1. Test residue A:106 against the stated conditions and say whether it is out of contact with any Leu (no Cβ under 6 Å at 6 or more places or on another chain) and without any contact (Cβ under 8 Å) to a residue 40 or more places away in the chain.
2. Which condition number in (1) part of a loop (DSSP other than H, G, I, E, B); (2) within 16 Å of ligand 1 (Cβ to nearest atom); (3) more than 11 Å from chain B (Cβ to nearest Cβ) is the one that residue A:44 fails?
3. Determine, yes or no, whether residue A:25 is in contact (Cβ under 8 Å) with a residue 40 or more places away in the chain and among the basic types (Lys, Arg).
4. Does the stretch A:69-80 include one or more residues that are surrounded by 21 or more Cβ atoms within 10 Å (Cβ to Cβ), within 15 Å of ligand 1 (Cβ to nearest atom) and either without any contact (Cβ under 8 Å) to a residue 24 or more places away in the chain or within 14 Å of chain B (Cβ to nearest Cβ) (or both)?
5. Any residue that is at pLDDT below 80 and among the basic types (Lys, Arg) - is there at least one of those in the stretch B:219-227?
6. So for the stretch A:37-50 (the condition being of a type outside the set (A, V, I, L, M), more than 16 Å from ligand 2 (Cβ to nearest atom) and either closer than 22 Å to residue A:206 by Cβ or surrounded by 18 or more Cβ atoms within 10 Å (Cβ to Cβ) (or both)), does at least one residue qualify?
7. Could you check how many residues of the stretch A:88-119 are hydrophobic (A, V, I, L, M, F, W, C) and either within 12 Å of chain B (Cβ to nearest Cβ) or more than 31 Å from the chain's Cα centre (by Cα) (or both)?
8. When you check residue A:17 against the structure, is it over 19 Å from the mean Cα position of the chain (by Cα), of a type outside the set (Phe, Trp, Tyr) and either within 14 Å of chain B (Cβ to nearest Cβ) or within 16 Å of ligand 1 (Cβ to nearest atom) (or both), yes or no?
Amino acid sequence: MKGLHLDGVCRQAGGRPLLENLELRVAEGECVALLGPSGCGKTTTLRVVAGLDPLSAGRVLLDGEDISGVDPALRRVGMVFQSYALYPHLSVADNLTLGLKIRGVPAAEREERLSRVLSLLRLQDLRPRRPAQLSGGQRQRVALGRALLRQPRIMLLDEPMSNLDAQLREELRPELRALLSGAGHPVLYVTHDQQEAMGLADRIAVLDQGRLQQVGDPRELHHNPANRFVASFLGRPAINLFPPLEGRQLAVRPEHLRVVSGGGLPARVVRAEWNGPQQVLWLDTAAGLLRLLWPASSAPPDTLRVDWDPEHTLAFEASGGDRLPRPDPAWNGDLIRFLQH
Amino acid sequence: MMRALLLAWSLGPLLWQLRTSFLLGEVLVGGGVPAGGSPWTLANYRLVLAGDPSLARVLLNSALLGGVTTALTLLLALPCAYGLHHLHGRPRAWISAGLVGAALFPTVLLFLSLLQLARWFGLANHLLALALPYTALSLPLAILLLRAAIADLPSELEDAARLDGLNALQRLRRIVAPLLAPAVASTGLLVFLASWNEYPIALTWLSRSDRLTLPAAMGRIASSSVFTIPYGPFAAATVLGSLPLLLLVLLFQRWIISGLTQGAVKG
Ligand SMILES: Nc1ncnc2c1ncn2[C@@H]1O[C@H](COP(=O)(O)OP(=O)(O)OP(=O)(O)O)[C@@H](O)[C@H]1O
Ligand SMILES: [Mg+2]
């Protein structure tokens, strides 16, 4: 089995579980994005793989070999830290090549690899500068360069583009993608940005409170979420959750709500957010605030009625949030009728 | 207003000494100015520089001893502090408590037993041998100060260095030590100062006049005459003795305030 395998990884610190029984496989050349709210354990996961944090149970396997006990210096992981962690007293060039120097790579080869990475990340002009003399985005690129230069067996990226402006991020995305998948090693990519995760990663792993919620390709997560957390965490504008009823909770994505002339739920438009390609309408209904997509060009009315195809309804357990089988259409109608009164 | 008071409070005695050092002895003890003459003189300086031992020699001794003590202390304290930082749990707590205890222990209580040691090992009147007890006495505080400074470095810097393949010694030398420069400079200054000012051990270990350190020599000047206190020469020696310290502080000032870790991490 080639690639990276987190086999039942647990990490405890301060008497609190930070990671619980994490089970994740990343194939060679595959990029898996770790997505989740702040504090859910994304950085911890990367640190465990890098060997910087100890695990309390489970194993980390690389190409079938257990590397849980291997010294981080020998694991050959490239990692971009969330805080960059550049050496402040060294120039950009020295920051990048320190590891190569330590490993005894000859000067000519160092130089060649350095200039390749520098030009890729458009950092040539910054070679002699110290980190303090760089902007946030430039620092981030240097950190990325340092990880790339290492020619690692695993690549770990902790929000490597969070400080770049939207344009540069979008520009770099295809290059980064080519770079990451071309090198043929497993990549774990932490991001807050769903767009980035969908654009860069082959699969997305959603993490919450140290527990893996679901792993799958973006489409699957979107259309077939494993639980309420995944459903509401993914997709913008966020999914509409109806009030729980009889132990379950129904949900419909904003793009699946449709405007009808008769029947359905009466709604009052309280706010319209224009975001370029379309607008998001916030509707006050008997089911609480709902979000609805509306064409960008036309002005929304003050009141309208909404409905949805029962086929698009997602049902969750009201208490635990686990996904339930799709309710039969009659139940859906019941809900609407119930809400109408 | 507060600042002016504070300044007067701390600089006043120094300036008074400076004035005293340039005054004639007769003026100092209340006699009048010799007729037609000026009260100012360089005689006090001439006296201490030409004395036995010459103050120049004494200052050289003190500087040499201070330099060796500082170098030795820092060389030992840095790896100790680094090691201590990487210990965890109970051992670290115990060692830290021990160091605090050692740092707080009054040196004066030790000088008799140290003298005994000096006798046994034949260290008396060897100037640089004094660096041994001085280093030993400065180490606890130096280790504690440097450890606090290491704890302030972003820990991810070392993590990054570990992934770069640096072992503990290489991390200390190439990452931690350079970033600690300001803390090392201020700790070194403290150690140097302590050595520069130390009296009881120097007094008991050194008797040959060409080996004396500044405090021991000052002691001699002060007790050289039973009947009059030589205010003038004493003040001159004080001024000369504080000049090198002033120089050191000015020299390292830039280091001490410059924030070297800037730009390491976000924000
Ligand atoms: N050494 C530690 N000891 C105790 N708790 C820790 C330790 N390191 C991290 N934690 C806790 O573990 C949780 C997960 O932290 P982690 O840094 O992995 O979050 P994250 O998903 O990367 O969040 P963010 O998106 O904000 O970076 C947090 O609640 C954090 O407080
Ligand atoms: Mg994080």
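1. It is true that residue A:106 is out of contact with any Leu (no Cβ under 6 Å at 6 or more places or on another chain) and without any contact (Cβ under 8 Å) to a residue 40 or more places away in the chain.
2. (1)
3. In short, no.
4. yes
5. Looking through the stretch B:219-227, none of the residues is at pLDDT below 80 and among the basic types (Lys, Arg).
6. Looking for residues that are of a type outside the set (A, V, I, L, M), more than 16 Å from ligand 2 (Cβ to nearest atom) and either closer than 22 Å to residue A:206 by Cβ or surrounded by 18 or more Cβ atoms within 10 Å (Cβ to Cβ) (or both), one finds none in the stretch A:37-50, hence no.
7. Step one: filter the stretch A:88-119 for residues hydrophobic (A, V, I, L, M, F, W, C), giving A:90, A:92-93, A:96, A:98, A:100, A:102, A:105, A:107-108, A:114, A:117-118.
Of the ones still in play, those that are also either within 12 Å of chain B (Cβ to nearest Cβ) or more than 31 Å from the chain's Cα centre (by Cα) (or both) are A:90, A:92, A:96, A:98, A:100, A:102, A:105, A:107-108.
Counting residues in the stretch A:88-119 that are hydrophobic (A, V, I, L, M, F, W, C) and either within 12 Å of chain B (Cβ to nearest Cβ) or more than 31 Å from the chain's Cα centre (by Cα) (or both) gives 9.
8. yes
The values are calculated or read from the model by the stated rules, or taken from the named source; none is laboratory data. Because the structure is predicted, anything quoted here is derived from the model rather than measured. Cβ sites come from the backbone with ideal geometry, for glycine too, and all protein chains shown count toward neighbours.
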